[in-house]
Amino acid sequence: MYNIKSYIIIFALSLLVSTFSISSPVIASEDSDKIIADVDGNPITLAELKLAISSLPADYQDMAKTSLSQMMLQQLIDLKILSAKADEENITSKKSYKNELSFLIDQLKREHYLRNLYAKNVKEDTILARYKQLVSQLDSDKEIRARHILLKTKEEAESILVELSEGADFSQLASQKSIGPSASNGGDLGFFTRESMVPDFSQVAFALTPGEVSKPVKTKFGWHVIKLEEIRPRTAPDFNLVKDELRDELERMVMTSVIGEARRSAVINIRESNLSNLLIEK
């Protein structure tokens, strides 16, 4: 017998089970033959239960396996009951149902195709090779640490250079006169890469030597006086920290390539008149 808390959880799960993720993990084929229950002779398989559970958010999957399995089984029973009701009322003959079913089938085909495509083309060694390629590009790059004083006019920037030539401290001038957010840190921008700053700024900053101060530099933010503090080799992130990101990148590249090639050979006809009617309806 379920208590009131269990019913609340079951209700929440009922909302989730109605929107199973199409991209759920692959379930072992043998599980499709293992019947765990039936409703009026309509079987519920272990594969269906596993699919339902795997489609839930991680917070729900952390529940005790026995409790979660029992709750999801009840939801699958309800699903079979409502599915039978839909058959009784001939819902499947309605055009709206057929349209949605066709759309869902296309989505399911896409997900299974991409899953197989990625399994063939994006393997651990492929990801590692991409990582090494990116790391090799870092070997010739560097990061710098610089300070800057941001001002509104060129005249103000030139005045700063005069004060510096007379022995003024750069960080103190930045704290007193810079209009940039780094003023509170004495103009210190920390370490940054070439591409992390606007090109006009980076071009000058990366050409300096440690301790050198630039002439006034104009960017969209105003006028800068830049002082280079340090240079260091650009360090590569740990492979395990970026592996998932690299996998996603490679999967996008593979998908884009396949779609691009298929589009070039596909015969695509767009019915502009029907499309314009849809836009008018909205």
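Just so you know, all these numbers are worked out from the coordinates, no wet-lab data involved. Because the structure is predicted, anything quoted here is derived from the model rather than measured. Using ideal geometry, Cβ is built from the backbone for each residue, glycine included, and neighbour counts are taken over all protein chains shown.
Assorted remarks:
- Those aspartates and glutamates that a straight Cα-Cα span of less than 17 Å connects to residue 95, excepting residues fewer than 8 apart in one chain: 87, 106
- Computed over the stretch 39-109, Cα set: Rg, Dmax in Å: 14.7, 42
- Dimensions in Å of the stretch 212-252 - Rg and Dmax from alpha carbons: 18.3, 46
- Pairs from 132/227; 65/94; 50/109 whose Cα-Cα separation, in the structure shown, is over 31 Å: 132/227; 65/94
- With the cut-off at under 20 Å, measuring from each backbone N in the stretch 89-110 to a point 7 Å along the Cα-to-Cβ line of residue 40 picks out 89-94.
- Surface/4 estimate of mean projected area, convex hull on alpha-carbon atoms of the stretch 142-233, nm²: 5.1 nm²
- Taking the average, over residues, of other Cβ atoms within 10 Å as the packing measure, peptides 88-100, 229-241, 158-170 rank 158-170, 229-241, 88-100 from highest down.
- Distance in nm between pseudo-label sites at residue 138 and residue 58 (7 Å out along the Cβ direction from Cα): 2.4 nm
- Candidate cross-link partners of residue 220 among the lysines, defined by an alpha-carbon separation under 17 Å and a same-chain spacing of 8 or more, comprise 152, 154.
- Label-zone membership for the stretch 181-220, site residue 153, 7 angstrom Cα→C-beta point, backbone N under 14 Å: none
- Approximate spin-label separation residue 252-residue 166, in nm, with each point projected 7 Å along Cα-to-Cβ: 5.2 nm
- Extents of the stretch 176-219, largest first, come to 26, 20, 20 Å (Cα atoms, principal axes, whole angstrom).
- Cα centre as origin, Lys/Arg/Asp/Glu Cβ charges: the stretch 142-233 dipole, Debye: 300 debye
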